[in-house]
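Undergrad: I'd like to ask you about the structure that follows.
The values are calculated or read from the model by the stated rules, or taken from the named source; none is laboratory data. Computed from a predicted structure; not experimentally measured. All Cβ positions, even for glycine, are placed from backbone atoms using ideal geometry, and neighbour counts span all protein chains on display.
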Amino acid sequence: MSDTDLSPPEALADAASGDPHARKPDSQLDRDDRLRPDFVRKVLDAVEAGDAAAARMLVEPLHPADIADLFELTPADERADLAQAIAGQLDADVFAEMNDYVREALIDALTATQVADIASELDTDDAVAIIEDLDADEQLQVLRAMEPDDRAAIEEALSYPEESAGRLMQREMIAVPEYWTVGDTIDYLRGNEDLTSDFWEIFVVDAGHHPIGTCALSWILRTRRPVGIAQVMKREQTLIPVDMDQEEVALRFQKYALISAAVVDASNRLVGMITVDDIVHIIQQEAGEDVLRLSGAGDGDINEPIAITVRTRVVWLVINFFTAMVAAAVIDAFDAEIASFALLSALMTIVSGMGGNAGTQTLAVVVRAIATNQLTDSNTWWMILREFRIALANGALLGALIGGGSFVIYHNAPLALVFGASILINNLVAGLAGVLIPIALDRWRLDPAVSSAVFVTMMTDCCGFGTFLGLATLFGLHG
């Protein structure tokens with residue numbers, strides 16, 4: 001029998017057996033080919049031709065996350081037409097997965113009632129992510145169009161600071177009293193269709209709605225019905241204050257390997273929960289922000305409006321210009337020495353460049369340590385001493401290597417000595433600057449990932465030029 005004669009069960013059986021010639025199910029073929037350039041072009045061609053039915057047929061097998069990616073891959077001026085063509089597939093789950101800038105542009109094209117309908121279908125945290133980006137007037141219109149219960153939940157979430165646990169948490173959770181039995185809990189879960197469907201553990205609360213423990217679903221399923229829920233619950237749990245920064249929340253999830261965690265208000269009452277799928281997004285977001293901020297590149301999102309990107313980058317480029325002028329002033333102070341020995345102008349860039357690289361290495365380590373709470377008040381001096389020892393060791397090795405190499409090339413012992421000593425000194429400065437500057441900025445409540453690199457570069461450039469040219473002047477080097 002040929003491959004084309006295989007019925008679906010047989011085809012699946014052959015695929016499971018590892019037959020390389022087995023025909024994949026159509027849905028699997030769609031998933032393997034999804035979002036390739038030719039697929040995206042085919043969808044957009046159908047939209048452009050006015051064949052909405054063909055576009056919907058192509059998009060129908062896609063996962064909501066893939067439909068969201070499809071919009072990101074679509075040119076900005078064609079996204080509105082695509083949204084109109086596949087309106088039936090553009091549901092709440094797609095908006096929840098969509099890039100912030102792309103989603104914001106599409107939301108602007110919808111009415112307040114349409115936005116309210118989408119938000120009502122989402123968990124609270126996802127609905128807040130959509131509504132919080134709207135202007136105040138638009139927010140009010142959307143909230144007025146929502147059901148009272150949904151509106152109250154969203155308004156409460158918006159009352160918390162941005163990037164806090166209160167914005168991140170979802171109100172849809174399962175909480176049961178401590179006096180219930182396992183059977184009571186199971187009956188409650190089966191008898192209420194309005195309960196959230198995505199949860200991994202149940203929170204146990206006392207009469208004041210304070211969380212006193214958690215119970216994994218697996219424990220409930222493996223325990224006999226008459227057993228009290230208080231007998232199988234785990235009393236030790238990690239509670240998240242509602243005003244805790246989302247980065248600190250992510251660190252707790254990482255440290256304690258959490259799947260979900262209860263969020264409590266100032267009275268220690270249970271008000272929501274945070275799940276690990278939200279934390280994965282936060283970890284990715286925060287890590288990306290820190291890397292991009294080190295370079296002054298802003299959010300680094302390719303969907304970010306050009307005007308915002310230009311404004312963000314030009315600020316740090318202007319600051320970098322002024323710090324470069326400081327370094328230029330150091331060079332200008334030794335113009336006579338450079339004029340008498342032109343080789344100095346070539347070698348001094350090596351000294352500053354080596355120091356800049358060393359400073360960037362230290363800076364990256366320290367910023368990460370601050371972001372992950374590895375660097376605290378208790379080990380700050382240990383960290384400073386550690387980086388100083390590393391800088392001393394690297395500087396000595398590089399100074400000896402580079403100084404010796406310059407002697408072999410130029411046969412000038414004083415030059416080799418000055419070159420090697422400058423490398424050593426600038427590495428020490430780079431190491432100290434790379435650790436002290438971000439620590440100082442963090443103490444002053446400034447984000448060390450945003451501005452540290454500019455100041456570390458200024459320090460290594462000024463010190464590199466000043467040390468090398470100063471020592472050259474002291475030793476009387478000339479051509």
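Undergrad: With the condition kept exactly as written, say whether any residue in region 458-467 is in contact (Cβ under 8 Å) with a residue 40 or more places away in the chain and of a type in the set (Gly, Ala, Ser). Quick ask: steps written out before the conclusion?
TA: In the first step, residues of region 458-467 are kept if they are in contact (Cβ under 8 Å) with a residue 40 or more places away in the chain; the result is 458-467.
Retained after the next criterion (residues that are of a type in the set (Gly, Ala, Ser)): 464, 466.
Checking region 458-467: at least one residue is in contact (Cβ under 8 Å) with a residue 40 or more places away in the chain and of a type in the set (Gly, Ala, Ser).
Undergrad: Count, please, the residues in region 124-151 that happen to be touching a strand residue (DSSP E or B) at 6+ places or on another chain (Cβ under 6 Å) and either of a type in the set (S, T, N, Q) or surrounded by fewer than 20 Cβ atoms within 10 Å (Cβ to Cβ) (or both).
TA: Let us first name the residues in region 124-151 that are touching a strand residue (DSSP E or B) at 6+ places or on another chain (Cβ under 6 Å), namely 124-125.
If we keep only those that are either of a type in the set (S, T, N, Q) or surrounded by fewer than 20 Cβ atoms within 10 Å (Cβ to Cβ) (or both) as well, we get 124.
The number of residues fulfilling the criteria is 1.
Residues are listed down the side, and each one gets a yes or a no for (1) over 29 Å from VAL318 (Cα atoms); (2) among the β-branched types (Val, Ile, Thr); (3) assigned to a helix (DSSP H, G or I); (4) modelled with pLDDT under 95:
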| position | (1), (2), (3), (4) |
| --- | --- |
| PHE388 | yes, no, yes, no |
| ALA393 | yes, no, yes, no |
| ALA421 | yes, no, yes, no |
| ASN426 | no, no, yes, no |
| ALA449 | no, no, yes, yes |
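Results for (1) out of contact with any Gly (no Cβ under 6 Å at 6 or more places or on another chain); (2) among the acidic types (Asp, Glu); (3) without any contact (Cβ under 8 Å) to a residue 40 or more places away in the chain, shown as yes or no for each residue.
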{"site": "TYR410", "(1), (2), (3)": "yes, no, no"}
{"site": "ALA413", "(1), (2), (3)": "yes, no, yes"}
{"site": "ILE425", "(1), (2), (3)": "yes, no, no"}
{"site": "VAL435", "(1), (2), (3)": "yes, no, no"}
{"site": "ALA440", "(1), (2), (3)": "yes, no, yes"}
{"site": "TRP444", "(1), (2), (3)": "yes, no, yes"}
{"site": "VAL450", "(1), (2), (3)": "yes, no, no"}
{"site": "VAL456", "(1), (2), (3)": "no, no, no"}
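Undergrad: Still on this model: Exactly one condition in (1) surrounded by 16 or more Cβ atoms within 10 Å (Cβ to Cβ); (2) not in a helix (DSSP H, G or I) is false for LEU195; which is it?
TA: So the condition that LEU195 fails would be (1).
Undergrad: For region 237-246: of the residues being modelled with pLDDT of 95 or more and assigned to a strand (DSSP E or B), which is surrounded by the most Cβ atoms within 10 Å (Cβ to Cβ)?
TA: So the residue we want is ILE240.
Undergrad: OK, next. Among the listed residues THR181, THR214, identify the single one that is modelled with pLDDT of 90 or more, touching a Phe, Trp or Tyr at 6+ places or on another chain (Cβ under 7 Å) and among the polar types (S, T, N, Q). Before the answer, list the steps.
TA: Values: THR181 fails: touching a Phe, Trp or Tyr at 6+ places or on another chain (Cβ under 7 Å).
So the residue among THR181, THR214 that is modelled with pLDDT of 90 or more, touching a Phe, Trp or Tyr at 6+ places or on another chain (Cβ under 7 Å) and among the polar types (S, T, N, Q) is THR214.
Undergrad: Give me the residue from region 100-117 that is more than 25 Å from the chain's Cα centre (by Cα) and crowded, with 20+ Cβ neighbours inside 10 Å and, out of that set, nearest to GLU156 (Cα to Cα).
TA: ALA116
Undergrad: What is the one condition in (1) surrounded by fewer than 23 Cβ atoms within 10 Å (Cβ to Cβ); (2) within 15 Å of MET348 (Cβ to Cβ); (3) among the charged types (D, E, K, R) that ASP447 does not satisfy?
TA: All conditions pass for ASP447, except number (2).
Undergrad: Can you report the number of residues in region 216-236 which are assigned to a strand (DSSP E or B) and free of Cβ contacts under 8 Å to residues at least 24 places away in the same chain?
TA: 2
Undergrad: Tell me, yes or no, whether region 60-83 has at least one residue that is at pLDDT 85 or above, in contact with a Ser or Thr (Cβ under 8 Å, 6 or more places away or on another chain) and part of a loop (DSSP other than H, G, I, E, B).
TA: Restricting attention to region 60-83, the residues satisfying the condition of being at pLDDT 85 or above are 60-83.
Then keep just the ones that are in contact with a Ser or Thr (Cβ under 8 Å, 6 or more places away or on another chain); that gives 61, 82.
Pick out the ones that are also part of a loop (DSSP other than H, G, I, E, B) and you get 61.
Yes, that holds for at least one residue.
Undergrad: Do you know which residues across region 348-371 are more than 17 Å from LEU436 (Cα to Cα) and either surrounded by fewer than 19 Cβ atoms within 10 Å (Cβ to Cβ) or among the charged types (D, E, K, R) (or both)? Give the steps one after another, and end with the answer.
TA: From region 348-371, those more than 17 Å from LEU436 (Cα to Cα) are 348-354; that's our starting set.
Answer for region 348-371, where residues must be more than 17 Å from LEU436 (Cα to Cα) and either surrounded by fewer than 19 Cβ atoms within 10 Å (Cβ to Cβ) or among the charged types (D, E, K, R) (or both): THR349, ILE350, GLY353.
Undergrad: Tell me which residues, restricted to region 72-92, are buried (at least 20 other Cβ atoms within 10 Å of the Cβ) and closer than 18 Å to ALA119 by Cβ.
TA: LEU90
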